[in-house]
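The values are calculated or read from the model by the stated rules, or taken from the named source; none is laboratory data. These numbers were taken from a predicted model, which means no experiment stands behind them. Cβ sites come from the backbone with ideal geometry, for glycine too, and all protein chains shown count toward neighbours. Just the protein is used for accessible areas: all its heavy atoms, side chains included, with ligands, DNA and RNA removed. Shrake-Rupley method; radii C 1.70, N 1.55, O 1.52, S 1.80 Å.
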Amino acid sequence: MTTTPSRPNLWRRTPLWQKIIAGLLLGILAGALMGKDASLFKPLGDIFINGIKMLIVPLVFSTLVVGITGMRDPQKMGRVGARTIALYLITTAFAIAIGLVAATLFQPGVGADASMSAAPQAGEAPSLIDILVGLVPKNPLQAMIEGNILQIIVFAIGLGISLMLIGDKGEPVVRVFESFAEAMYKLTAIVMAFAPFGVFGLIANVSGQYGLDVLLPLAKVIGVVYLACVVHVLVVYSGMIALLGRLNPSRYLRGIVDALVVAFSSASSSGTLPVSIRCAQKNLGVSEGVSSFVLPVGATINMDGTAIYQGVAALFVAQLVGVDLSMTDYGMIILTGTLASIGTAGVPGAGLIMLSIVLAQIGLPLEAIGVVAGVDRILDMARTSVNVAGDLMVTTLVGKSEKELDLAIYNSDNRL
Ligand code: ASP
């Protein structure tokens, strides 16, 4: 039997994040060279995404139960919850403000060459009462089948607290969940080993679909959304990590690369959740208790990238149709944009649908959504990456403030 020692060794020696980035770059190249034929590689991406999605419900459920029973302190849970929600709201307000400033400075809608085609229906924001009632699952199994993360979280917290309260009697079940959660981490690692190929397939397909003829007319709005996203991550997130967490932001940025690339190529923050949980624990050193609560909540309600996009898109449309916005309109965009981003599901294209709420609120024509719809996937990739980066930033800060962040892991060079 012949052996080829150098190749497998190089493959094994290269850290996963570098292989994933290589998959991303090669995917862009393959799409550029092959055009629509690159959809040939899409099944690779679909297998990978299905593999990660398969993990979401069992992983979130088991790790959250283990995380809650591990905290052993109901007060701490309340504190973690309050901090999490506060940080998520603050970062979203920053995000939408950055989007508005960027769109005011660069005026992407002025002189844009675009035709309005589709006339979508305005979405409707659910009422606060409906949201609260909907948090409690009628049937936990149904919540799992539907993949309703918030309901799963509520049931897992209830179960975790009950197991804590019954003490010794709960021990066997806790051990089952511990062992199950461990198996889910292992399965995540196995699926992630396929990530370089999956990312390649996903990106090759997307990059093959978008020719310059589609991108160029809207290049300015794409540029403004990307710029605002980069500024938000590098200034707001890194700044908060440095100032509030007293941590080195470059470690945070390096630690989240896997999740960023998967978010970018899949355009789904829910779908990226298992990868985010893995990055938080293995690269950033956040405990199971904090990461298994803060991240699923974030993947469902914290959408800073979507908020940025809604700010930029609203101004883009106003500039396109030549409407001058008042200060009240700006306030309205911030308010509805924040609410709409919270209500946006972490799946591809959801932000585009929620944009109709913001536009309807300030009386802008909904037909204009058809203009940005053509390049929505490209914008979605950037906003989803920011959504995921934001969840991981807040997880890091909450972990640090609860002394549930292992600094040795955070500062180590041994990234996955
Ligand atoms: N695709 C985004 C996400 O999953 C949501 C959006 O469309 O804005 O985070």
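Return the pairs, sorted by first residue and then second, in which the second residue is acidic (Asp, Glu), the first residue lies in segment 368-388 and is within 8 Å of the ligand (Cβ to nearest atom), the beta carbons are less than 8 Å apart, and the residues are 6+ apart or on different chains.
So the pair list comes out as 387/304.
Taking into account only those residues within segment 339-366 that are more than 13 Å from the ligand (Cβ to nearest atom) and surrounded by fewer than 21 Cβ atoms within 10 Å (Cβ to Cβ), which is farthest from residue 314 (Cα to Cα)?
Filtering first and then ranking leaves 339.
Any chance you could count how many residues in segment 319-337 are surrounded by 22 or more Cβ atoms within 10 Å (Cβ to Cβ) and small (Gly, Ala, Ser)?
1
Filter the helices (runs of 4 or more DSSP H) completely within segment 262-328 down to those with at least 3 residues that are more than 10 Å from the ligand (Cβ to nearest atom) and closer than 18 Å to residue 60 by Cα.
Correct list: 269-278, 288-301.
Considering each of 99, 109 in turn, give the residue that is modelled with pLDDT of 90 or more, within 30 Å of residue 316 (Cα to Cα) and among the small types (Gly, Ala, Ser).
That would be 99, the only listed residue that is modelled with pLDDT of 90 or more, within 30 Å of residue 316 (Cα to Cα) and among the small types (Gly, Ala, Ser).
List the residue pairs whose Cβ atoms are under 8 Å apart, where the first residue sits in segment 71-99 and is over 18 Å from residue 162 (Cβ atoms) and touching a residue at least 40 places away in the same chain (Cβ under 8 Å), the second is open to solvent by less than 10 Å² (accessible area, probe 1.4 Å) and not in a helix (DSSP H, G or I), and the two are 6 or more positions apart or on different chains.
So the pair list comes out as 88/302; 91/302; 92/302; 92/303.
Within segment 196-244, can you find the residues that are among the β-branched types (Val, Ile, Thr) and either open to solvent by 40 Å² or more (accessible area, probe 1.4 Å) or under 17 Å from residue 309 (Cα atoms) (or both)? Quick ask: steps written out before the conclusion?
We begin by selecting, within segment 196-244, every residue among the β-branched types (Val, Ile, Thr); these are 199, 203, 206, 214, 221-222, 224-225, 230-231, 233, 235-236, 241.
Selection gives 214, 221, 222, 224, 225, 230, 231, 233, 235, 236.
Would you call residue 173 in contact (Cβ under 8 Å) with a residue 24 or more places away in the chain and of a type in the set (A, V, I, L, M)? Full working, then the answer.
On the way: in contact (Cβ under 8 Å) with a residue 24 or more places away in the chain: no; of a type in the set (A, V, I, L, M): yes.
So residue 173 does not fit the description; no.
Any residue in segment 210-234 that's on the phi < 0 side of the Ramachandran plot: show its pairings with residues that are among the polar types (S, T, N, Q) at Cβ separation under 9 Å, as long as the two are six or more apart or on different chains.
Note: pairs meeting the criteria are 220/107; 224/107; 229/385; 232/91; 233/385.
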